[in-house]
Amino acid sequence: MQKILNYINGALVEPASKQYIDNVDPSTGKVYSLCPDSDAQDIEAAYKAAEAAFEGWSNTPAEKRSKVMLRIAELLEKNLDKFAEAETIDQGKPLWLSQNGEIPRAISNIHFFATAIEHYASEAHPMGEHAINYTTRTPIGVVGCISPWNLPLYLFTWKIAPAIASGNCVVAKPSEVTPMTAYLLSEICIEAGLPKGVLNIVHGLGPKVGSAMTVHPGIKAISFTGGTRTGAEIARVAAPMFKKLSLELGGKNPNMIFADCDFDKMLTETVRSSFLNQGEICLCGSRIFVERPIYEKFKKAFVEKVKAELVVGDPLDPKTKTGAIVSQMHFDKVLSYIELAKQEGGTILCGGKSIQPTGRCATGWFIEPTVIEGLAYDCRTNQEEIFGPVVTITPFDTEEEVLMMANSTEYGLASVLWTENLTRAHRLAGKIKAGIVWINCWLLRDLRTPFGGVKSSGVGREGGWEALRFFTEAKNVCIKIS
Ligand code: NDP
């Protein structure tokens, strides 16, 4: 059976404990590889390698750092099909999505920050004849990156690319649930000639490996994407140590549909924003609010389209639109929320249960795309993050009402608005409590824009200059000139 290895000091190595965790293919429920069960000893080794590499890497001209990163992006592109298949087997998402979404985006992340760093500049603030200030932005040192299982390589590269582009050395932990593509990336980093110690990837369990990173006094910043509860635990430990923190956490995003929207466009996008990647995207619009005059029309058309188009099955089959749920634990969690919705008085309009495909995937974890109506906006189903193929639909009568319901959760990551009324679109965009507002679209991403949430959806922003600022320390130098 294939053994995944840690990537420390430029080499692929076993965990200190020599222990491994089963890595399961969610489409079959069967163990197909082994993931290192690393611990604080491996984090220490990774930290030492990163610390030793820092002086050399931080003093390497941006152009040279950029070149080696571009080589990594090139090699990833050359191996796109291999990575796409590995991601699908590890995570359960359909192969076409890995080929056209996940892996191309990972390549773009590396390319984007490799080129951005060549244009990154700091500011000067002249004070007339008296003085001049200039600001330097230097890398922090050794930084930690922790990423989740839903978009494994996509979110992993979204963190490590700005960190190393700006001259830091990294200790990174992918989710133990989906470690494979980060492992394959470490092979590519070696081939591309990334100097040893610049990036160290330590695989293993969050409470062991992630927490060893969080408590490590030498790791000066943590960029984390994952659940709100884990984010709070990281903040509790890291804040008194005055570490820089970027926390991208959970969401329960509203999708607000007004009667004056372009119905057909909205319908197609709403199917996507509800169920792409089995609904396992922090940006999915899981609470759909529909203006009453088109509520019945929407309900009928939406349910028909979901039933007709979202074929559930083998993620490797090109016909599949909805793949496997990432793990048994998550599968059980999503099903328990469907049960809760029923107890809370919800009516299941479609889906509502697990399904067992025939053949290769007969023992995998699959759930039908599920649409529920008839729930109060403030019930648990509508307030807690489910993070699966489950959405609720709710009618509304006024802008004030939908805004109140949209803003009623503890989360504030993304939101979607469908209206052809420009004035209303801008008015509501200003009032929605979320870090991201999509108007008449969803998941349209420009990597230069700030990305992140408010309230329990996190602290800080990723993307563009925001990420490069996070991974650098500003120092102001003031010189009196008269
Ligand atoms: P978790 O919070 O469970 O895990 C995220 C990462 O943190 C994993 O690598 C995990 O390791 C690790 N971890 C777990 N416990 C600790 C700890 N005590 N200290 C340090 N690290 C730890 O999230 P999931 O992997 O379940 O991902 C789903 C969540 O991620 C959802 O809530 C989703 O909304 C959120 N998310 C947010 C995004 C955003 O941009 N805001 C984007 C994508 C997802 P292990 O896997 O071993 O437990």
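Laboratory data are not the source of any read-out in this text; all were calculated from the coordinates shown. Values in this document were obtained by computation on a predicted structure and should not be read as measured data. Cβ: placed from backbone, ideal geometry, glycine included. Neighbour counts: every protein chain shown.
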With a 32 Å threshold on alpha-carbon distance, the violating pairs from Lys159/Lys297; Lys173/Lys265; Lys305/Lys333; Lys243/Lys455 are Lys159/Lys297; Lys173/Lys265
Under 17 Å between alpha carbons, and skipping anything fewer than 8 positions from Lys208 in its own chain: which aspartates and glutamates qualify?
Glu14, Asp22, Asp37, Asp39, Asp42, Glu44, Glu176, Glu233
Please list, short to long, the whole-number percent of alpha-carbon pairs of the stretch 1-116 in consecutive 5 angstrom bins beginning at zero.
2, 11, 13, 14, 18, 19, 14, 6, 2, 0
State to the nearest 20 debye the size of the charge dipole of the chain about its Cα centre, where the only charges are +1 on K and R beta carbons and -1 on D and E beta carbons.
620 debye
Across every pair of different alpha-carbon atoms, what Kirkwood hydrodynamic radius in Å does the stretch 329-396 reach?
12.5 Å
When the charge dipole of the chain is computed with +1 at the Cβ of Lys and Arg and -1 at the Cβ of Asp and Glu, the Cα pointing farthest to the positive end, of Leu267, Ile132, Gly206, is that of Ile132
Kirkwood hydrodynamic radius (Cα pairs, Å) of the chain?
23.3 Å
Just want the ordering: Ser17, Ser482, Ser336, from fewest to most Cβ atoms lying within 10 Å of their own Cβ.
Ser482, Ser336, Ser17
Given Cβ point charges of +1 (Lys, Arg) and -1 (Asp, Glu) and nothing else, what value in debye, to the nearest 20, does the dipole of the stretch 37-87 about its Cα centre take?
460 debye
Taking the C-alpha atoms of the stretch 271-391, convex hull volume expressed per residue in Å³:
100 Å³
With charges only on Cβ, +1 for K and R and -1 for D and E, what is the dipole size of the stretch 1-140 about its Cα centre, in debye, rounded to 20?
280 debye
Let's test the formula: R0 of 35 Å, r as the Cβ-Cβ distance of Val31 and Glu339. What FRET efficiency results, to the nearest 0.05?
0.80
Fewest-first ranking of Trp158, Trp465, Trp149, using other Cβ atoms within 10 Å as the exposure measure:
Trp465, Trp149, Trp158
Helix-derived [θ] at 222 nm for the chain: sum -39500 (n - 2.57) over DSSP H runs of at least 4, divide by residue count, nearest 500?
-11500 deg cm²/dmol
Principal axis box of the stretch 127-257, alpha-carbon based, largest edge first, Å
59, 46, 38
Over the Cα atoms of the stretch 194-300, how large are the radius of gyration and the largest Cα-Cα distance (Dmax), in Å?
20.5, 62
Which order do Phe112, Phe263 fall in if you start with the one that has the fewest other Cβ atoms within 10 Å?
Phe263, Phe112
